[in-house]
Structures are given as structure tokens and as C-alpha cells.
Amino acid sequence: MADPSSYRPEPGQIPDSPGVYKFRDEHRRVIYVGKAKSLRQRLASYFQDIAGLHPRTATMVTTAASVEWTVVSTEVEALQLEYSWIKEYDPRFNVKYRDDKSYPSLAVTLNEEYPRVQVMRGPKKKGVRYFGPYGHAWAIRETVDLMLRVFPVRTCSAGVFKRSAQIGRPCLLGYIGKCSAPCVGKVTPEEHRELAEDFCDFMAGRTGTYLSRLEKEMHAAAEDMEYEKAARLRDDIGALRRAMEKNAVVLADATDADLIAVAEDELEAAVQIFHVRGGRVRGQRGWVTDKVEAVDTAGLVEHALQQLYGEEKGEAVPKEVLVPALPEDTPTLNQWLAERRGSQVSLRIPQRGDKKALMETVHRNALQSLALHKTKRASDLTTRSRALEEIAEALDLDSAPLRIECFDISHLQGDDVVASMVVFEDGLARKSEYRRFQIKTFEGQDDVRSMHEVVSRRFRRYLQEKLKTGEWDPEDAEDAAREVPEDDGRPKRFAYPPQLVVVDGGQPQVAAAKRALEELGIDDVAVCGLAKRLEEVWLPGEDDPVVLPRTSEGLYLLQRVRDEAHRFAIQYQRNKRGKRLKSGPLDEVPGLGESRKQALIKHFGSVKKLRQATIDQICEVPGIGRKTAETVAAALAQAVPAGPAVNTATGEIIEDETPAPAGASSERGTEQ
């Protein structure tokens, strides 16, 4: 690990002008490329106290062994040079988007004598007109199949085209009217190229003029009593409209725009792009990246713009680009995009209307893409095995932790304090083993004390199971047996011990969990904590955390375990709080289920009127017997109703006759 001060440039050596800089490691490999309005100010920020740097930036500057820079005349040139160097050097600490799949595009090879319509993947070629990309190749083929009826452009390969020309007989598409058969001279090269250009115009969104022309031709043919021609034109119009319906109108003003949305967490980010042309979604694509550098949403947007338009020119860059956050140097990016398009480009955040609604749709797609990527990554056996091995190595465990249990505490300002325990076996969640706890020994907010209680209770149950099987013979088994029900033949909840206990938190929570295990005499279960702010792994008794690389599969697995425990705890806490707020005197009546509670409220209209009813009147409710009626009456008599509501403006006492909602007693009845 290098000391940044060992290669820090001398004061005054760095110019105060726009430029691009490169950090190199000890082997002279470029590990990071960046640009700056002022090289002096930007590079100075890397050579401050390491403790004040973002963890990712600190890792980069300690990995580097030298820094160099290139001065340029404008910020736009810096942007272009940064993009070129990132493509050339592929630096390990720069954000690099990778396609989560290879998206197909609809391509028209206008660079050939007889243009061909086909599905293409990979890098774009000069002289080829592209539409898309699309989510699936079958979507392209369905659209092309509909449009070939009206625009019978060649779709065959060069070999098939040459073979048909040699034998003087077209292929099947030529016979059924879905190809104009230029291979056998049915149309001239000029006529076929005109068909291909009409196809491109229609796909580019210029549909209204062409449909109007076909409708006029259809009406003219009908007036001339050329009914077969009119019927064919009618079918052509229908085919084109069906092709248009596959791309619904999303922006009514026929806008040409690209919408970019970002979904991210601490380690990864997903970008989704919708290409809208003529107000219709004409294509979609997405990328996923590891956040190997300290970058926010605006920075991710800037990288996405470079990736998206770095190789594009002309109409491939739309008039409008909608983003979730504006990059730091928006004017420079606007100028760069305008140069690539050849005209003005608007880069902005949608604020209202259809564009904002469509941006929300794109963002939902980005969230789904990130979730799908994580699911695929988590389900890979090799990846899971590597993650467990990395955890074992980092925590100095004897073997890979095949069973990991994670604990988290949740509360709302000290109320409804609960805890969760989630279980991962072989790197996968085992939801049937999840458990929830209510904090019982004290009230109020104390996460450390709560963690000690929960871990103690979990492992007390484990010791009780060992006691029953004869695997454990403590001097005092009564303490371990507390809170444990008798054996009822059901599967045991805490029979299997984990190899690793993970707690959500830092040193205090880790110490509490370790102390709980030691008090029970358990010394064969490892403990660690994952602090959310910097994703540091804490071990018992250690003053410094274990810092796993940001690209580590082990860190990724620990993060998934911790986040799942957090989700499960919050869900339980919210449910518990909701039930508490809805509870009323009828909830305390033994044997009174939800259906009969609703029947009582529906019959009397409110808890107040039910409280005033006699036992005979309560017995009139269907399903309520005399014994139940007596129990209900006794429970309501014991419950203390809240004081009357008062109109604070007039001082008038309000008589509440509002019926209680189904499934819950009235608000007054909640206080007991």
C-alpha cells in the first residue's frame, strides 16, 4: 500500500486549467482517469488526510504510485479525452457500465446495393441505419413481419440472395409478396432502395404522412371500382397500424427523447434507458455497474451519457435527454451533446406531466434490473462458494460458514422494540428458519441491551435442544430452559447452531452478542458486525475493522444478509405497531374471533352502543350465544372509555356516533 505523499506533485507544479489526469500503480497500469475544470484544485483534493477521504477514493490513492495529467483548452475537450482514455485503458477504479444482456437492434444496411432488413447485435457499423435496441429479438421479427407486407424489403442473407440470382427464382418470401425480389430483377436497385428508405422513415416515426397517402390511394381505388387494390391497401393500412400499436404513444407531443433512470445501492447501480421517437418508445436498454469509485447519482448519469453517446453522431443523439439528476458540469455536457448531434440538445430533469410519469416507469425498470442482477448473482453456486470462502478468510474462520444467522433491532423512537433473526444456508436465504422476537426484559431504546437479550434467548433455546438430546449437561440447566415450551413433536426452531452470527451494527452490538454467547458457555460460534455507513466488518475485541474490497463477493453476501434482517425486522415492527393502534376492548374477549367482532359492530353500529346493550340484545346477533354475550358485556364493562371529544373552537362536547370500521373497534375503545 503506497503513501500518497510519496508521489504528491510539488506545490505550483500542477496547472490551474482544464485537463484530464491519470493515476498509475507501481506497474505503470492506469487505474483511474478523471477530468477537471481546474487540475490544481481537483488533484489537491486527493492528497488530503486519508481519514477524510471516501473509502473508495482512499483505496484508489493508496493503490496508485504516480499521477500525471494532460492540459486541454476547453472543458468539452477534457470530457472527450476522458471518455477516450477510459475506453483505451479500462481503469479498475472507474465506473464501467456493462450490459446486463446483449440487446438486439433492427438494422437496415443502407451501405449495400440492395439494403437488407435484419436483427443485429454488437457494435454499430458505418452506413447501417439502426432502430432500437429492443428487449427481445422476437419483438423485432414480429414488427418486421407486419411491415414487409407494405415495404417488401430484402431480408435474406448474401448467400441466399446470390443463390436466387443464379437460379433465376426468388425465395418463398418473393412468392408470397413479402419481398420485392430484387434478386431476379422484379424491381430495380433504385426502386428497392426507395422501399428501404420508406421503411426507415416509417420506423423513425414519420407515420402520419404515409398512412394518409395510403388511405387516399385506397379511396381512389374504391371510386374507380378497383376493389381488389382497395382491399389490399386496406390490409396494408391495418398491418401498419398493428405495427404502430406495438409501440404505444407515451408522449403526446411526438417528442424525440431519451430517458435515463438510475437505481443504486452502496455497491452497485443499474441504469435503464428508454428511447422515445415520435412520442413512442422505440427501444430500451440497460447497464449494471459496480460502484468502484466514490460517485453519486449525478456522477452515474454523467458516465451513462458518455457511454451512450460517446460513439454516436447525428440523429442518434436526440433533441432532449431526460435524467434523474443533472451532472456537476451540465453546460459542458450540453455543449458536447450538441456537437455530437449537430444541433442544440436539452439536458434536464422532468418536473411534471407525461414526461415525469414516463421517467417513473423507467426508474421502476431500473429497480427491477438491479434486483434481477442481484438475484442472478446470488443464485450462482460458484459465486456463493467464493463468497463464503472470502468471509472465512477475512474473519479467520476454520471453515466456510455454511449457516449464517443475522440479528437486527427495530423500533420507533423506543416504542414497539422488536428484533429479527434471518438465516442463510450455503449463501441462500432459508426463510422457513426466520424468527422474530419481542424485547421483554426492559422498555425503551437500547439497541445494545436488546441485542444481548435476543442473542441470549436464541442460544438458550439451542442449549435446551442439546440438553434434550443429551449432547449438553450443564450444572444448572434451569436457566437454559427458561421460555422454552415442552416438546410437542413439532420441528425445533433453534436446534441447529450457526457457524457465524452477524449483527447489524458496530463494536457495541458485536460486544453485546459475544458477551451473551460467553455467558452461556458457547465458544464455537464466530461473531461479527456489519456497520452500514462504511460497510466495515467488526470483530469482538478488535479496535480496527476488517475492510473487505468493494468488489468482494464476501462483502456482497454479508450485505445481503444484513439488509434482509433489517427488512424482516422493520416489517414485524410495523405490523406490531399497526395492530397496537387498532386494538380495542373486543380484542381482549377470549374466544371472540374476527368474524363475530365484525358482526357485533355491524349490528350495533359502534362500540359505544354495544357497551350500552343488554346481554339479551347481544344474544340477538347471529353466532353469539349467551355465554359469549356475558363475556363481551363483562369485558366492555371493565374497559374504561375515553373522555368525550371536545370541539376546541366552540367548547361543545361531541357525541361520537360514528360506526367503527370493519375489523376494528372505535377509537374510544382502544384505551383500556
> Restricting to segment 326-345, what's the tally of residues that are closer than 13 Å to residue 79 by Cα and either in contact (Cβ under 8 Å) with a residue 12 or more places away in the chain or in a loop (DSSP other than H, G, I, E, B) (or both)?
Replying inline: 12
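Just checking, how many residues over segment 423-464 are polar (S, T, N, Q) and over 16 Å from residue 512 (Cβ atoms)?
So the first thing to find is which residues in segment 423-464 are polar (S, T, N, Q), and the list is 432, 438, 441, 445, 450, 456, 464.
So of that shortlist, the ones also over 16 Å from residue 512 (Cβ atoms) come out as 432, 438, 464.
Qualifying residue count for the region: 3.
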>> Residue pairs, Cβ under 9 Å, 6 or more apart or interchain, first in segment 20-32 and over 21 Å from residue 76 (Cβ atoms), second open to solvent by 100 Å² or more (accessible area, probe 1.4 Å) and not basic (Lys, Arg). List them.
In response: 30/88
> Of the residues that make up segment 172-192, is at least one within 45 Å of the chain's Cα centre (by Cα), farther than 20 Å from residue 110 by Cα and at pLDDT 85 or above?
Replying inline: yes
> Would you say residue 124 is open to solvent by 50 Å² or more (accessible area, probe 1.4 Å) and outside any helix (DSSP H, G or I)?
Replying inline: yes
> Restricting attention to segment 592-602, which residues are of a type in the set (A, V, I, L, M) and either without any contact (Cβ under 8 Å) to a residue 60 or more places away in the chain or touching an Asp or Glu at 6+ places or on another chain (Cβ under 8 Å) (or both)?
Replying inline: 592, 599, 600
> So which strands (runs of 3 or more DSSP E) are wholly in segment 1-118 and hold at least 1 residues that are of a type outside the set (Phe, Trp, Tyr) and under 30 Å from residue 204 (Cα atoms)?
Replying inline: 105-108
> With (1) at pLDDT 80 or above; (2) outside any helix (DSSP H, G or I) as the list, and residue 515 as the residue in question, which single condition is left unmet?
Replying inline: (2)
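Using the structure shown, decide if residue 92 is surrounded by 14 or more Cβ atoms within 10 Å (Cβ to Cβ), at pLDDT below 80 and not acidic (Asp, Glu).
Spelling it out, residue 92 is indeed surrounded by 14 or more Cβ atoms within 10 Å (Cβ to Cβ), at pLDDT below 80 and not acidic (Asp, Glu).
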> Any idea which residue in segment 582-595 is modelled with the lowest pLDDT, counting only those that are crowded, with 19+ Cβ neighbours inside 10 Å and in a helix (DSSP H, G or I)?
Replying inline: 585
> Going by the conditions given, is residue 214 modelled with pLDDT under 80, at negative phi and either in contact with an Asp or Glu (Cβ under 6 Å, 6 or more places away or on another chain) or open to solvent by less than 60 Å² (accessible area, probe 1.4 Å) (or both)?
Replying inline: yes
> Among (1) under 23 Å from residue 80 (Cα atoms); (2) out of contact with any Pro (no Cβ under 8 Å at 6 or more places or on another chain), where does residue 27 come up short?
Replying inline: (1)
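Every residue, every condition in (1) open to solvent by less than 30 Å² (accessible area, probe 1.4 Å); (2) of a type in the set (Gly, Ala, Ser); (3) at pLDDT below 85, yes or no:
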position: 478; (1), (2), (3): no, no, yes
position: 486; (1), (2), (3): no, no, yes
position: 489; (1), (2), (3): no, yes, yes
position: 493; (1), (2), (3): no, no, yes
position: 521; (1), (2), (3): no, yes, no
position: 529; (1), (2), (3): yes, yes, no
> Name the residues in segment 269-306 that are part of a strand (DSSP E or B) and open to solvent by 10 Å² or more (accessible area, probe 1.4 Å), would you?
Replying inline: 274, 275, 277, 280, 281, 282, 284, 285, 290
> Taking segment 60-88 on its own, how many of its residues are open to solvent by 70 Å² or more (accessible area, probe 1.4 Å) and touching a residue at least 60 places away in the same chain (Cβ under 8 Å)?
Replying inline: 1
> In segment 432-445, what residues are open to solvent by 60 Å² or more (accessible area, probe 1.4 Å) and either touching a Cys at 6+ places or on another chain (Cβ under 7 Å) or of a type outside the set (Val, Ile, Thr) (or both)?
Replying inline: 432, 436, 438, 440, 443, 445
>> I need every pair where a residue in segment 260-275 that is closer than 14 Å to residue 365 by Cβ has its Cβ under 6 Å from the Cβ of a residue that is modelled with pLDDT of 85 or more and in a loop (DSSP other than H, G, I, E, B), sequence separation at least 6 or different chains.
In response: 260/323; 261/324; 262/324
> Given the conditions (1) within 16 Å of residue 571 (Cα to Cα); (2) in contact with a Gly (Cβ under 9 Å, 6 or more places away or on another chain); (3) open to solvent by 20 Å² or more (accessible area, probe 1.4 Å), which single one is not true for residue 408?
Replying inline: (3)
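The values are calculated or read from the model by the stated rules, or taken from the named source; none is laboratory data. Since we're looking at a predicted model, the values are computed, not measured. Glycine gets a Cβ as well: all are built from the backbone with ideal geometry, and neighbour counts include every protein chain shown. These area figures cover heavy atoms from the full protein model, side chains too; ligands, DNA and RNA do not enter into them. Shrake-Rupley method; radii C 1.70, N 1.55, O 1.52, S 1.80 Å.
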